[in-house]
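Shown next, in structure tokens, is the structure this report addresses.
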Amino acid sequence: MILVTGATGTIGREVLRRLPSDQPVRIMARQPERVTGAPPAARIVHGDFTDPTSLTDALHNVHTAFLVTNPDGEDDTRFLDPARAAGVRHIVKLSAAAVTDPDADDLITRRQRHNEDLLRASGMGWTLLRPRAFMSNTLSWARSIRSDHVVRALYGTSANACVDPGDVAEAAVLALTGRVRDHAGVAYTLTGPQPLSAVEQTAQLAELLGLPLRFEDLSPQRARAALEARYPADIASALLESARRQHSGSKADVSPTLPRLLGRPARTFRDWAADHLDAFRPDPSPANG
């Protein structure tokens, strides 16, 4: 039995779409009604990292788990003890590529490293997935593209080897369903095929949409204000520090891991954007029907 956590998130949704239909799967979610795209035979159960009883129930007869947690909390600690007690043999954990950067010392990355250490010390088999930024992060631009034909971002010319979430999910499914000995004790850094800046992504979106999009560089002050409207101040500071590291070139390296794992090239941003144009396309005006 495979247990999938984070099933309503960016990667979890894609993992569910790719799991073999004949694979016994249990899906743990705080809000089971929000789970979509699950395999027909999958069982969806209520579960919460802060509820030990729900964890025990969700982990019953599970041999492999896909673990997605919020790095600024204690969910890894809450999950690993009951998983080990339940007899889970292998955990595939979603982490982040920043943990490998010796210059990355922001709060989020420190906590991600700590959570990786907890898993490695758990006594269970493990696989770590360390993706770069998701291409889907550009969906945060959709509203301003639809309303003003403008993209606003910090450090617009800094490059990131961003990755298609679907490729990350495909790697996760390989680790969850393949031979354990092929993936146990391995950390995979997952990137897209090329580093791209927000300015370059904006240009590609403009071409695909047939719209004259404009890029507007945010100042650090405006970026902080926008982040603090969504996150606690310490998390906003960590995200700004991450952006500064990207500006220094630390996120531009391309890893060959995904092509080796998947047996095909990693998908490009243009590939991803072409599949999601409706999210960015302005609604037709009433005058145009």
Pairs where the first residue, in the stretch 80-98, is of a type in the set (Ser, Thr, Tyr) and the second is part of a strand (DSSP E or B), C-beta under 9 Å, 6+ apart: SER95/LEU128; SER95/LEU129; SER95/ARG130; SER95/PRO131; SER95/ALA187
Of the residues in the stretch 207-228, those that are among the aliphatic types (A, V, I, L, M), touching a helix residue (DSSP H, G or I) at 6+ places or on another chain (Cβ under 7 Å) and assigned to a loop (DSSP other than H, G, I, E, B) come to LEU213
Pick out the one residue from ARG179, ARG222 that is charged (D, E, K, R) and assigned by TED's automatic domain parsing to the domain that holds TRP126. ARG179
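Can you confirm whether PRO39 is modelled with pLDDT under 95, in contact with a strand residue (DSSP E or B) (Cβ under 7 Å, 6 or more places away or on another chain), closer than 24 Å to ARG179 by Cβ and not hydroxyl-bearing (Ser, Thr, Tyr)? Walk me through how you get there before you give the answer.
On the way: modelled with pLDDT under 95: yes; in contact with a strand residue (DSSP E or B) (Cβ under 7 Å, 6 or more places away or on another chain): yes; closer than 24 Å to ARG179 by Cβ: yes; not hydroxyl-bearing (Ser, Thr, Tyr): yes.
It is true that PRO39 is modelled with pLDDT under 95, in contact with a strand residue (DSSP E or B) (Cβ under 7 Å, 6 or more places away or on another chain), closer than 24 Å to ARG179 by Cβ and not hydroxyl-bearing (Ser, Thr, Tyr).
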I'd like the full set of residues that are out of contact with any His (no Cβ under 6 Å at 6 or more places or on another chain) and either assigned to a loop (DSSP other than H, G, I, E, B) or surrounded by 23 or more Cβ atoms within 10 Å (Cβ to Cβ) (or both), limited to the stretch 170-182. ALA171, ALA172, LEU176, GLY178, ARG179
Of residues in the stretch 142-169 being touching a Lys or Arg at 6+ places or on another chain (Cβ under 6 Å) and charged (D, E, K, R), the one nearest to ARG214 (Cα to Cα): ASP164
Looking at (1) surrounded by 19 or more Cβ atoms within 10 Å (Cβ to Cβ); (2) in contact with a Leu (Cβ under 6 Å, 6 or more places away or on another chain), which one does ALA187 not meet, given that it meets all the others? (1)
How many residues, within the stretch 259-275, are closer than 20 Å to ALA175 by Cβ and either acidic (Asp, Glu) or surrounded by 17 or more Cβ atoms within 10 Å (Cβ to Cβ) (or both)? 3
Of ASP76, ASP81, ASP103, the only residue that is part of a helix (DSSP H, G or I) and loosely packed, with under 15 Cβ neighbours inside 10 Å is ASP81
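The values are calculated or read from the model by the stated rules, or taken from the named source; none is laboratory data. Fair warning: this is a prediction, and the values are worked out from it, not measured in the lab. Using ideal geometry, Cβ is built from the backbone for each residue, glycine included, and neighbour counts are taken over all protein chains shown.
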